[in-house]
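A.B. asks: Dropping a structure here in structure tokens format, bear with me for questions.
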Amino acid sequence: MDNENKNFFNEDENKNNDVNFQLLNSDNESKEDKTYYRSGNNNYSNNFNNGNNKKRSNLSYVLVSIISAIIGGLIFSLVAPSIYGRTGYNKGGEGLNPQQINITPKDNISTVEAVAKKSMKSVVGITTVETIKEDFFPFASERQVQGVGSGVIVDSNGYILTNSHVVGDGKAENITVLFEDRSKKQAKILWNDVALDLAVIKVDATNLPVADLGDAEKLNIGEIAVAIGNPLGLEFQRTVTSGIISGLNRSITTQGGDKIENLIQTDASINSGNSGGPLLNSKGEVVGINTLKLSSAEGLGFAIPINLAKPIVEQVIKEGKYTSAYIGISSYDVNEVKQRYNLDVNIDKGSYILQIVPNSPAAKSGLQPGDVVVSIDDKKIESQRGLKKLLYSYKPGDKVKIGIVRNGKKIEKNLTLEAAPSNGQ
């Protein structure tokens, strides 16, 4: 059972006091302006005694000059190596021979500038309108909520990749896309998934500038990262920020208790409105889709690896829809089952099977209610969401090996995946 929370990033406080992460288009942090002043003018007035002892004064001047010259020479001997460099300095072969690394800031700036020029036109702004129904007995009311986010063009015929939450998790009624030339077009949702926080939307257009999609598996910690998006709304469209790849395969827990896995961490500045915008490498290739930031600190942003989205995008462009692979089970996180149903399950991580769909791959392979799915083809599964994400890397017809725990014992079952019905798993 795909028990997804309608609010992907709930603003309620996490019961476990986890670090709070927020949607990028919902954060309204303010920054304090800091002005630096000079400390002021210090005027000194020296009164000299014009007494009779001029010889003593002259001698004092001579001594002061000599001492000043000596001190100046010592200071120069200490400071000069730092100013002019130590290249070629070798005292009798003593000391270490450190690695010489030349870093030219101009090169870094040029790289970011080149990435921006290459990718800027493929980044779009997205505005949405969603009607929220509020039922307060005995009254019921509706209100419209407007949202702002970003997206990236992945096909010249109008296909755009963004976050699911940017389009109201599929519930947005009006979606407007703003292009680099300031033209606007209405869009429709072709596919979205709350668990992945990804969506593909389409506008009626041709010959659009397309972003290059890279390979997140080739990322290295420390390499350049460039983020482009609409921080704080469309008034700052296509803002470019740069930093590095700070971490890979990060797992975090949102305020709503949802665990998000395999994220890219970056210190490139990501702010409100960047949701759905691209995270790029030094070649100007999209390696991630910006999705999360740490609400209580700067320099901690997260992106969904583009490798997760590429097979989905390719199928949506080819067929107009995405059909995921299907096992045929209804499942929950193990811990959720323990709490909700008070079941005695002797395992802490995995996807607990509550029901088996008749005539499904799961039924044909011998899976049973009460089994806990812990792996597919030896790839670990820690949650129901993790199982669903992993299935996106397979297609109908693929043969897989399912690892389960049954009555405390781990066993394996072979099955052939089938095409999923709507919202199937």
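What follows is calculated from the coordinates using simple rules that are stated; it is not laboratory data. What you are looking at is a predicted structure, and each value in this text was computed from that prediction instead of being measured. Cβ placement follows ideal geometry from the backbone for every residue including glycine, while neighbour counts extend to all protein chains displayed.
A.B. asks: Going by average Cβ neighbours within 10 Å, how do the peptides 366-375, 116-125 rank, with the highest at the top?
C.D. replies: Result, highest mean first: 116-125, 366-375.
A.B. asks: Moving on to the next point. Report the extension gain between V345 and R406 in nm, rounded to one decimal, defined as 0.36 nm multiplied by the number of residues separating them, less their alpha carbon distance.
C.D. replies: Full extension of this stretch gives 21.0 nm more.
A.B. asks: Where does each of D215, D169, D155 land when they are ranked from fewest to most other beta-carbon atoms within 10 angstrom?
C.D. replies: Fewest to most other Cβ atoms nearby, the residues stand as D215, D155, D169.
A.B. asks: At K338 and V357, where each label point lies 7 Å from the Cα along Cα→Cβ, what is the point-to-point distance in nanometres?
C.D. replies: Label-label distance for K338 and V357, simple model: 2.9 nm.
A.B. asks: To continue, here is another question. Amide H to amide H under 5 Å from N174: which residues, 5+ apart in sequence or cross-chain, H placed 1.01 Å off N in plane?
C.D. replies: Residues meeting the amide H criterion: V129.
A.B. asks: Sticking with this one: For the pairs K118/K399; K184/K318; K117/K388; K388/K410, flag any whose C-alpha to C-alpha distance is greater than 30 Å.
C.D. replies: Checking Cα-Cα distances, K118/K399; K117/K388 exceed 30 Å.
A.B. asks: Further, regarding this structure: What span do the alpha-carbon atoms of the stretch 330-425 cover on each of the three principal axes, reported in whole Å from largest to smallest?
C.D. replies: Computed over the Cα atoms, the extents are 36, 27, 23 Å.
A.B. asks: Looking at this model, which pairs from K171/K321; K380/K401; K389/K409; K171/K349 are more than 22 angstrom apart at the alpha-carbon?
C.D. replies: Exceeds cut-off: K389/K409; K171/K349.
A.B. asks: Give me T127, T291 sorted ascending by neighbouring Cβ count inside 10 Å, so fewest comes first.
C.D. replies: With the fewest neighbours first, T127, T291 line up as T127, T291.
A.B. asks: Please identify every one of the trypsin sites (Lys or Arg not before Pro) in the stretch 272-362 that sits in a loop by DSSP and has no more than 15 other beta carbons within 10 Å of its own beta carbon.
C.D. replies: K283, K321, K349
A.B. asks: As an exercise, use a Förster radius of 41 Å and the Cβ-Cβ distance of E173 and K318 to find the FRET efficiency, rounded to the nearest 0.05.
C.D. replies: Rounded to the nearest 0.05, the efficiency is 0.90.
A.B. asks: Okay, moving on. Apply the Karplus parameterisation 6.51 cos²θ - 1.76 cosθ + 1.60, with θ equal to phi minus 60°, to every residue of the stretch 193-205 and state each ³J(HN,Hα) to the nearest whole Hz, in sequence, with x for glycine and proline.
C.D. replies: 9, 5, 5, 8, 6, 10, 8, 10, 10, 9, 10, 7, 7
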